[in-house]
Amino acid sequence: MLAEVHRVLRTGGRFVAEMGGHGNVAAILVALTAVLARHGYGDKESGVNYYPTAEAYTRRLARHGFQVEQIALIPRPTPLAEGGMTEWLRTFRRGVLDSLPEALRDTVVEETAALLAPYCATRKGTGWPTMCACAS
């Protein structure tokens with residue numbers, strides 16, 4: 001993707017990106033992976049998303065010809081929508097859930113949400129790191 005962005009970027013143009021950064025949804029991924037492992041599907045979450053550090057993404061941008069002007073990992077409040085963690089899992093982990101036997105999907109969602117309940121109560125689902133980068 002970065003090679004193509006660099007190829008089509010006009011001379012003097014700027015690439016600005018916002019994405020999940022290192023640590024983004026880490027507690028959710030740990031809980032979901034634990035539940036999946038308990039049911040024999042521990043590998044289903046592996047490598048699904050890319051949440052780099054600022055340093056790692058800077059190196060990746062440079063390898064594709066970009067000069068990074070600014071990059072930061074920013075805690076950004078992200079309150080859970082109505083439906084809470086169960087709806088978050090059904091929305092943002094749909095691909096993982098769809099790869100499971102249908103009879104197991106609700107169980108995985110419910111067990112993961114239950115594991116995360118103390119975390120969500122104390123953190124209110126906020127502060128997931130976001131990566132912001134500006135490069136030319």
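Any read-out appearing in this document is the output of simple, stated calculations on the displayed coordinates, not a laboratory observation. Everything numeric in this text was worked out from a predicted model, so none of it was measured. Backbone-built Cβ (ideal geometry, glycine too); neighbour counts: all protein chains shown.
Here's the picture: a label point sits 7 Å out from the Cα of S46 along the beta-carbon direction, and within segment 69-102 nothing has its amide nitrogen under 12 Å of it. Considering only V35, T86, H22, and ranking their Cα positions along the charge dipole of the chain that arises from unit charges at the beta-carbon of Lys, Arg, Asp and Glu, the one farthest toward the positive end is H22.
Largest GNM mean-square fluctuation across R38, R76, R90, computed for the chain with C-alpha springs under 10 Å, falls on R38. Springs between Cα atoms under 10 Å define the GNM used for the chain, and in it the highest mean-square fluctuation of V16, V30, V96 occurs at V16.
Extending 7 Å from the Cα toward the beta-carbon at both Q70 and A26 defines two label points whose distance is 2.5 nm. Seen from every direction in turn and averaged, the convex hull around the alpha carbons of the chain projects onto 9.3 nm².
Label-to-label distance for T91 and C134 is 2.9 nm, based on points extended 7 Å past Cα in the beta-carbon direction. Nearest 10 degrees, 0 to 90: what angle lies between the long axis of helix 54-63 and the longest principal axis of the chain (Cα atoms)? Value to nearest ten degrees: 50. Rounded to the nearest 20, the Cβ-based charge dipole of the chain about its Cα centre (Lys and Arg +1, Asp and Glu -1) stands at 500 debye.
With K and R counted +1 and D and E -1, the other residues having a Cβ less than 10 Å from that of V96 yield a net charge of +2.
Site pair H6 and S99 shows an inter-label distance of 2.9 nm when each label is modelled 7 Å from Cα along Cα→Cβ. Once the C-beta distance of H39 and A81 is scaled by a Förster radius of 25 Å, the resulting FRET efficiency is 0.40 to the nearest 0.05.
Across segment 33-109, Cα pairs under 8 Å and at least six residues apart give a relative contact order of 26 percent.
Our summary gives the chain a relative contact order of 45 percent, counting only alpha carbon pairs under 8 angstrom and 6 or more residues apart. Of A72, A17, A103, the residue with the greatest mean-square motion in the GNM of the chain, using alpha carbon springs below 10 Å, is A103.
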